[in-house]
Each structure stands twice: as structure tokens, then as C-alpha cells.
């Protein structure tokens, strides 16, 4: 028997989830080259399901589609065809932010080529205008993957966004942003950095951080570049990090106003979700804000 290349590491289900009401629920799927996450939210904005899978690093290719197909095949809900909406969040580094004042949808490839390697034989081009920001996220996603996902849900509206879209919308709905603030999303060897000022995003980027030194280097450089004060400006952290993490300890040595982020205020959670730290899955939850 072939050994599976994925592991289910988190599985929380609210008893209120009713398979006869899937047509009223929103299914969100976050896909990266080594993670797959699922959430289900009802019409009252209550989270009913959360699952996290770790996938052996396969990249955005046919092997990833095969792995997802294996997960779908063994899942009692993913193969259901009637959802109110399916939101897909792509987590990769093939993206860029463009001010909406200069955005031209005919130049998607040109925007991306400035920041990333692009292969139009395998990459489909997408863009999403932020609802609370004067910016557009242009991104590429594996065309076979997107086609496979849409074919999996022919009777549901499937909306594809980038992790940057979800994180930015979540951040801009989380704080009043009256002063410059830095927000971090920490994942395995990945760091997303957002800086807001006067209720808009002024910087967003995603970095590869194989070491704690790399993590701190990118945070400190972004802080300095955008003129934040290490003694006064806030730094809010989400993701795979705790107060005992080396990265969090290092941040507190240099920055005086560091805190772990909380859950999005627009979602409700029953008691069974108490086992999940509040700072986890913020971008997955925030996909609900992307229309």
C-alpha cells in the first residue's frame, strides 16, 4: 500500500454542523505547497469546522493535486457539491501589490515579472481589488490546480484569492490604524509582513525565513524602512508562534509594544475551539472578508 504524504494535525468540529444545511455554509480552503487548511462557516458567522493538514513539500504541481484529490476522496464533506460559496486562498510567493490608481488588468504578467519567475504555460493570472485598501493584489496560481478545484464544485461559486488578500482584509478590519502598526503572519519558514497607517496598507511582503536570524532581520529592516518607532509603535503577531517561541522572545528584546493577535471579531466560535490558540489561522478565517 502506498504511504500517504499528508497528515491531519488539527480537526475540530462543532456539533451544530448540519450536513443538510451545506447550501447555507461557506467552505474556505487554504492551499500551500506544504499545507492544506479547511474551515466551514454558517450564515450566522459561526465557525463550524477547522482542519489542518501538513503535506510533504511537493510544490504547486501535479503531485499536489493528487494529494488533494486523495484528501477529498477520504473526506465526508469536501466532496459535497452544494455549498453557498467556496473560497480558495492560494499561499505562494507569486504575487505583487499594485496601487489601484495605476492598475491595468491587461498588464498582469508585466506586474508579476518584476517580482517573481512566471511560467505562463502552467500559471494562471488572477487579481483581486482589496475592499478596504487602495491596492490590487496580482497573483499567479497553478492553472491545473484552479481548474481541478472549480471542476470539483460545478454547482457552487468558487472564488480564488491570494493569502495576501485575506491577511490584508483581516488586518484592516482588526485595528483602528490611527498610527503606523506592523502585523506579522508566521508560518514554517515563511513570514508575511504588513504595515498600516491612516487606515490603509502601506507595505506588504512575504519572506523566506529558514532561521530566527532571517526572521528578525526582515522584521527589523521593515520597521526601520517605514519609520516605525521600536519603543512606541505596535507589532501584532499571528500564526505558528507562541509567547515561548524563540522568534517571539527575540522580538520582545528589541520592540517594546509586541502582542499576539486575536481571532477576527466578525467570527464566532463555540467552546470546542478553545484548544486553538487565538493567534492561529487568522488568514484562513479572514478569507470570509474577501468577496
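Listed here are the residues, each with its yes/no results for (1) under 21 Å from residue 208 (Cα atoms); (2) exposed (fewer than 12 other Cβ atoms within 10 Å of the Cβ); (3) out of contact with any helix residue (DSSP H, G or I) (no Cβ under 6 Å at 6 or more places or on another chain); (4) in the same structural domain as residue 28 (by TED's automatic domain parsing).
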| residue | (1), (2), (3), (4) |
| --- | --- |
| 79 | no, yes, no, yes |
| 107 | no, no, yes, no |
| 115 | yes, no, yes, no |
| 128 | no, no, no, yes |
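Residues of the stretch 258-291 that are in contact with a helix residue (DSSP H, G or I) (Cβ under 9 Å, 6 or more places away or on another chain) and not in a helix (DSSP H, G or I): 258, 260, 261, 262, 263, 264, 266, 267, 290. When the residues of the stretch 219-228 are filtered to those that are surrounded by fewer than 18 Cβ atoms within 10 Å (Cβ to Cβ) and touching a residue at least 24 places away in the same chain (Cβ under 8 Å), the one that is farthest from residue 203 (Cα to Cα) is 220. Within the stretch 15-32, the set of residues being surrounded by fewer than 19 Cβ atoms within 10 Å (Cβ to Cβ) and in contact with a strand residue (DSSP E or B) (Cβ under 8 Å, 6 or more places away or on another chain) comprises 16, 17.
Considering only residues that are in a loop (DSSP other than H, G, I, E, B) and in contact with a strand residue (DSSP E or B) (Cβ under 6 Å, 6 or more places away or on another chain), look in the stretch 92-117 and name the one that is nearest to residue 32 (Cα to Cα).
93
Residues checked against (1) farther than 30 Å from residue 82 by Cβ; (2) surrounded by fewer than 17 Cβ atoms within 10 Å (Cβ to Cβ):
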| position | (1), (2) |
| --- | --- |
| 112 | yes, no |
| 134 | yes, yes |
| 137 | no, no |
| 145 | no, no |
| 149 | no, no |
| 164 | no, no |
| 171 | yes, no |
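In this structure, is residue 12 farther than 27 Å from residue 140 by Cβ, modelled with pLDDT of 95 or more, more than 18 Å from the chain's Cα centre (by Cα) and in a strand (DSSP E or B)? When the stated conditions are applied, residue 12 passes them.
The values are calculated or read from the model by the stated rules, or taken from the named source; none is laboratory data. The structure presented is a predicted model; accordingly, all values stated were derived computationally and were not measured. Cβ sites come from the backbone with ideal geometry, for glycine too, and all protein chains shown count toward neighbours.
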